[in-house]
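Every read-out reported here was derived from the displayed coordinates using simple, explicitly stated rules and does not represent laboratory data. Fair warning: this is a prediction, and the values are worked out from it, not measured in the lab. For neighbour counting, all protein chains shown are included, and Cβ atoms are generated from backbone atoms with ideal geometry for every residue, glycine included.
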2 protein chains.
Amino acid sequence: MSTTLLMRNRSLIIYGFSLALLMVLLKWLEWKFIITDHAVELYAGLIAAVFLGVGVWLTKKLSKPKQQTVYVDREIVVRPTDDFVFNDAEFSRLGLSRREVEVLQLIASGASNQQIADELYVSVNTVKTHTSRLFEKLNVKRRTQAVDMGKKLSIIP
Amino acid sequence: MSTTLLMRNRSLIIYGFSLALLMVLLKWLEWKFIITDHAVELYAGLIAAVFLGVGVWLTKKLSKPKQQTVYVDREIVVRPTDDFVFNDAEFSRLGLSRREVEVLQLIASGASNQQIADELYVSVNTVKTHTSRLFEKLNVKRRTQAVDMGKKLSIIP
DNA sequence: AATTCATTCATACTAAAGGGTGATTTTATT
DNA sequence: AATAAAATCACCCTTTAGTATGAATGAATT
């Protein structure tokens, strides 16, 4: 707000000063060419040229810039905090059971079969049968492979 | 391109026409006021005022609009196709060797120790020592845990 | 030259993982 | 109620993984 006011004041000052200067110029030209009487044409032309220039200069100086808003799309890479979406299609296609996926998650977290058994309140043998079925369905031989495949198929995050 | 040329032509035409009109005006004023000899001041003032106005008008008409570009950012969620950046800091902090990271990558891909050995042209025993050192440094007990940790620390993708 | 570090390999042992088979019990679903 | 799928468990056996220890080699560093 204060900046705008200052700018307007500055414009007014420039404008006033320019007008005063023009008056002086006009009087000087008048005094200079009044002696030689037949120089009226030249006088008029000079005045015309000068004031044309002044007009151009003043306008350029004082005219407000025409605002033209240009919208520029800037791509901002936003890393989604959780970009995992469970792949239901693969889950169905492979005919996996909930328990099997549960076991796979625990395997991926680095748990041993015993730890998985403790976590799920089942025996180690049960965990082993789950893993065996899981490996069959995922067509893998090792748990590390199962984890890799599970992640690739978006069955686990 | 053609639009720009047309605009320039239009500007030139307007400018030329304006100049011609000014000449006519100048001559007319000269003829009108040459009779009354003492009207030189009025003559000069009129010319000054007219040409000042013409200058302003011309400038406003012909000057290119001053562009004020306003940048508006629009967030676009971009999912990076490969958001993995190797964590050098963790790599150094843990004191890992290149070979150990190499082995970890192969483990993560689901390879067995024998497969890793074949891949790297070393014996299984060598792979085992690498994994043992790796597990020590990562403070884990199993390869699945190592993979999980490696991914969390951005040592492997 | 001495030292450190990464890499390599070996042997022996233990622990964990994985395969195969069979069986029982829930839990949905028709 | 009958059936199918899921989940549970056991036993045996094989394979793989992991631990511990020791040692040789080559490259880089002091």
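Miscellaneous remarks
- Mean separation of Cα contacts under 8 Å, 6 or more apart, over the residue count of region A:81-152: relative contact order %: 32 percent
- Approximate spin-label separation A:Ala49-B:Val122, in nm, with each point projected 7 Å along Cα-to-Cβ: 8.9 nm
- Inter-copy spacing of B:Ser97 label points, which lie 7 Å from Cα along Cα→Cβ, given in nm from shortest upward: 4.5
- Modelled label reach - A:Lys141, point 7 Å along Cα→Cβ, region B:114-153 residues with backbone N closer than 19 Å: B:114-128, B:143-144
- Over all directions, the projected convex hull of the C-alpha atoms in region A:81-152 averages 4.9 nm² in area.
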